[in-house]
Amino acid sequence: QVQLVESGGGLVQAGGSLRLSCAASGRTLSTSVMGWFRQAPGKEREFVAGFSRSGGSVYADSVKGRFTISRDNAKNTVYLQMNSLKPEDTAVYYCARRVGRTVVSATEYDYWGQGTQVTVSS
């Protein structure tokens with residue numbers, strides 16, 4: 001069993017920053033297979049950031065240059081630093097564990113956290 005717990009969401013003004021954390025526990029889990037998704041009201045869940053099989057970072061075009069994914073293996077924690085936030089970044093953000101090959105596809109992930117709300121005001 002794997003447990004993923006997100007934290008760090010909140011309300012921020014446009015242009016501001018937030019750092020999300022995802023703490024993993026349970027069965028041995030490599031942070032290199034973790035990723036972040038988000039879901040806005042009325043929209044499908046979409047990929048935000050993750051790690052490729054070679055260890056590099058992968059980002060959705062909409063967040064490139066503004067968001068940074070990182071990990072601390074010692075703490076079994078993955079982070080999402082979000083800068084220059086925009087109102088369209090408003091969503092519930094989820095971390096998840098990837099079991100498949102495709103970093104950007106939600107169907108390749110099995111365990112999901114409960115999500116943390118990020119609201120960006122204009």
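Using Cα positions and a limit of under 20 Å, work out the lysines in reach of residue 86, with same-chain residues fewer than 8 apart set aside.
Counting by Cα, and skipping residues close in sequence, residue 86 has these lysines nearby: 43, 64.
Note down the nm distance, to one decimal, between modelled labels 7 Å out along Cα→Cβ at residue 107 and at residue 39.
1.7
For segment 1-117, what is the accessible area per residue in Å², given a 1.4 Å probe and the full set of protein chains?
51
At a 1.4 Å probe, what is the % contribution of carbon and sulfur to the accessible area of segment 18-122?
46
At 7 Å along Cα-to-Cβ for each site, give me the label-to-label distance between residue 121 and residue 13 in nm.
It works out to 0.9 nm between the two label points.
The values are calculated or read from the model by the stated rules, or taken from the named source; none is laboratory data. Note that the structure is a prediction, hence the values are computed from the model and not measured. With ideal geometry, Cβ positions are generated from the backbone for all residues, glycine too; neighbour counts draw on all protein chains shown. Areas reflect the complete protein model, heavy atoms only, side chains present, ligands, DNA and RNA absent. Shrake-Rupley method; radii C 1.70, N 1.55, O 1.52, S 1.80 Å.
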